[in-house]
Each structure stands twice: as C-alpha cells, then as structure tokens.
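Since the structure comes first, as structure tokens, the remarks are kept for the end.
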C-alpha cells in the first residue's frame, strides 16, 4: 500500500515538475524501492556452527557457513559436478596438477589472493598439530610448489582417483597465519559473503562481498538463527521471522492442508547423500557380530519409514548409497524370532522380568541421540520398544547436539542413532577404516583397510566398482553400523523469495542454500 501511495505522488511530480525536480524525485523513487525490498534473508538451523574455521568444519551448519564465506580451488555445481572455482586454468600432468588462479580475486579485507595462500593452506592441513579432520583425504598431496604469484603445481605422492573432489577444500589467508590455526577465529574469505556479526549459539550475520569474483550477490545480508526446536520453524515461517527452514515430516503432513501457511510458504523437497543409522560401539564386548545381527533383525525399518516419514524416504541395504556405486545386499529381514534365536545361541536366557540374562546380569544397552531431532527421538522410542519386546533392556539418553557429538567422538555410548552426510564419491575411508575420524563404531578390519586404500588409488571405474562392491559386502556382513533409512528432506521457503538455483543433491561440501548469493526477493511482495 505504501509503495503504491508513494509511487502515485512521485509519478504526478515526474509528469508536472521541472527537469531538476523530476531528476531528484526519480532518484528518491529509486531509493525508496530499494528500502521497500527486503535486504536480509534469514535461515533457521537447529544448532550454531561448531566452528567458523572452514578447514575444521565437519557438521552441516559449519559446512553451510563455510560455503558462503570461503572458496576452494574447485567447487560443486548444482548437479554435483566438480568445476573450477578460484582457478582460471588447470591441467593434469604426470603425478601432479598445474593450476593458475583467476585474476582480481580479493580477500574480504581487501588483499589479493595469491599462491602464497594456497601453499599456506595445504601446509597447514598437512601439519599434524593442526588436526585437520580429513587428513586422510589429502594424503595423496606430497607438496605444493609455487611458480609465481598466480601459478602453482600440486605434486601427488600416489594415484588418487577422486583427487578433484578433494581439492574443494577452502583456502585460508596466509596473512593471518595464527588466526587460521584456531577453531573460533572470524576470518576473511573470498566467497560471496563476509562475516558482519557473530553472537555465539544465537545467530550470525553475513554481509555480501561486493567484489566477489563470480558476481554481485543479490541479497545484502544473510542471517543464521538457531532454533533448537524444529517444531518452531513452521510458526516462524508463518510469522515471517525466518525465510528458510527445514520442515519435519510429521509436521509437513498437517501443513500441506493449511491454506494460510501455503499462501506464504513454499515446500521445496531436496535430497542429501545421507542416511540415518544405528551405530554399535564395538568397544562393548557384548556387541559382537552376532549380537549386532540379532539387533538388526529386531528393527522394523519399514514401520519406521511409514510411521515417521509417511514413506518419504527409502530403505537401503548398503553402506554406500550414491549411484552408480551402490550395491543392494541381502536384507536383514524384520523377524523378532530370528533375533531371539541368535541371542539365545550366544548363551542368553530370559529372566523373570522378561529380559535376557547371563551370569546374573541383564542384557542392557544405552541408546543415545540428539534430542533436538524429533525424527531421531521417535525412532529411538520405536527401537527401544521393539528391542524390549524381544528381551533387550534399553535406556534412552537424549543429548544436546554438541554433547551428542562429543559422546560419539569419545565412544560414550552403546548404541547411537545418527546420520552420515557423505561425499559424492564412494570413498568411505573416514567412515569405516581403522583410522577413520568418523568411525564412531570403532570398527577395525585390516583387509577392509587395504580395499579402501585400493579403492582410492584405482583409476579404472569398472575396477573401482568391483572394489567397492566387495567393500559393501564386507560392511553389510559385519554391520558396525546399521543403515535405517534414507530420508527425503523438505525445506520451507518464504514465497517472497525466488530460489533461482539449488543443488540437486547435497553432499558433504555444500548445502541447500549454497547458491543463496543468486537468490533474490521478488519485487512484488
């Protein structure tokens, strides 16, 4: 209304006024339009980034922020293809790759990007004291050699099939060496947005970088807000307190019939290369291979998918889900009778309270997950109910997200419901090798380690497929973790926003809002 009212009088003045008056009023009209169009997009997350240092980012929220502030040598396009980012030219040579940086790329503090920054970043990642979480993924890099301020050569120590994908790590500024070594430093990047304000565990604000080398970001500010309770997202979307927020499936079922909500918010489905799983802590001697199989047969995955996600997902019988690498193994059929038989064969018998006992001790496990996730809370309850039906006592512990991550990392659990957000390559070294940084089950199999190394080094695609087929068969037989389902995700987005581009699939280096710098507010609101 205000826009139409102001526009009417300015139009009359433009028509009847003098040249200078018309010019001044035209400028005023331009400024008013800018003011009236929103300048900030707000996205809701369940937690605050664990770190603002992109090299230390392993959680989805940290990765999402890193993707907006920093850039890599390569990046992923909307289809998940690896494409050049900071580099203008590259060519693969024998045991190396030659790269040439683009011209006129600036850090957010105004300095120019040079190969000194590349050399510094790679050397920092390879420094054991820095504890780069994906160190195994860059072991193929022997060294980086500076040619001049724009050119360099990365020397490989050995063959590494997916090397381009693992050159998507973010580059840090060499002129801030000490700050780059800290997890909580607020650093300048070369991406479309720069840090403006950070209120830890509450919100952070990014401001567009007007010298971004790929173009001028449409929206001036990006704000991340923390809403631990996912049920609040629909209400905040409806009240226009946030513009983007994930919608839980059990809430989505009721919202699709809500006319007011649908008039203001669009539902955008999207996929992640991820699955939800039940992890077994192999430090607990009771959780041997046969016990794990007994538990797997007691879990009704179809029931979980139907009741908690209304079927919006799929059951996978493999630990690698990205196509064309996925191999569907034989299913652990839901059968309480098979479960009980396996457990009895391990020497357990039912006690007076209905639980299995041996040597006077009840068969009991502690199941942990992060309480912010409604889906995981309900999933934990279903698993508890089903396991207690067959005779395994379960204690559920719902933890705050950071405490949950700590429990996984330190092995303070028996069973855990979590999820893996995976690379678009089948390399699962970090997840299942004996030294894998994300191997929360503490699984160790020397032969599998050899296969995983071979899988990384084999260049022939057909041979790689054979290797990863065997990898999946071993993991499915051993089940250090039990894949429960692949959920389909739904993002609620304000209808005032035009989502001009989004990833077709989200992996471990991008997010739903990776291309937010291309989004815009619709002129008619």
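Just so you know, all these numbers are worked out from the coordinates, no wet-lab data involved. No experiment lies behind these values; they were computed from the predicted model shown. In this analysis, Cβ positions are derived from the backbone assuming ideal geometry, glycine residues included, and neighbour counts consider all displayed protein chains.
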| request: Report, in deg cm²/dmol and to the nearest 500, the calculated mean residue ellipticity at 222 nm for the chain, where each DSSP H run with n ≥ 4 adds -39500 (n - 2.57) and the sum is divided by the residue count. | output: -9500 deg cm²/dmol
| said: Taking just the alpha carbons, could you work out the radius of gyration and Dmax for the chain, both in angstroms? | reply: 26.1, 99
| query | What spacing in nm lies between the two simple spin-label points modelled at residue 231 and residue 94, each 7 Å away from Cα in the Cβ direction? | reply | 6.6
| Nearest 10 degrees, 0 to 90: what angle lies between the long axis of helix 336-345 and the longest principal axis of the chain (Cα atoms)? | 50
| field | Between 0 and 90°, nearest 10: helix 446-457 axis offset from the chain longest Cα axis | value | 30
| task | Pull up the DSSP beta bridges for the chain and report the antiparallel fraction as a percent, rounded to 5. | result | 75
| said: Between residue 126 and residue 358, what is 0.36 nm times their sequence separation minus the Cα-Cα distance? Round to one decimal in nm. | reply: 78.6 nm
| said: Please give the Cα centre distance for the range 383-398 versus the range 239-258, rounded to the nearest Å. | reply: 31
| What residues of the range 45-79 lie in the reach of a label at residue 488, counting those whose backbone N is under 20 Å from a point 7 Å from the Cα along Cα→Cβ? | 79
| field | Protection proxy ranking, peptides 213-220, 479-486, average beta carbon neighbours within 10 Å, highest first | value | 479-486, 213-220
| remark: FRET efficiency for residue 395 and residue 350 from the Cβ-Cβ distance with R0 = 25 Å, rounded to 0.05, comes out at 0.85
| field | Relative exposure of 159, 323, judged by other C-beta atoms within 10 Å (fewest first) | value | 323, 159
| Rounded to the nearest 5, what % of the DSSP beta bridges within the range 273-487 are antiparallel ones? | 65
| said: Regarding the range 70-170, what's the average projected area of the Cα-atom convex hull, expressed in nm²? | reply: 6.9
| note | Correct semi-axes for the range 139-271, from √(5λ) of the alpha-carbon gyration tensor and rounded to whole Å with the largest first, are 40, 20, 15
| task | Relative to the longest principal axis of the C-alpha atoms of the chain, give the angle of the C-alpha long axis of helix 60-69, reported between 0 and 90° and rounded to the nearest 10°. | result | 30
| request: Can you tell me which of 272-283, 493-504 comes out highest on packing, and rank the rest after it, using the mean Cβ neighbours within 10 Å? | output: 272-283, 493-504
| said: Principal axis extents for the range 273-487, Cα atoms only, whole Å, descending order, please. | reply: 59, 35, 31
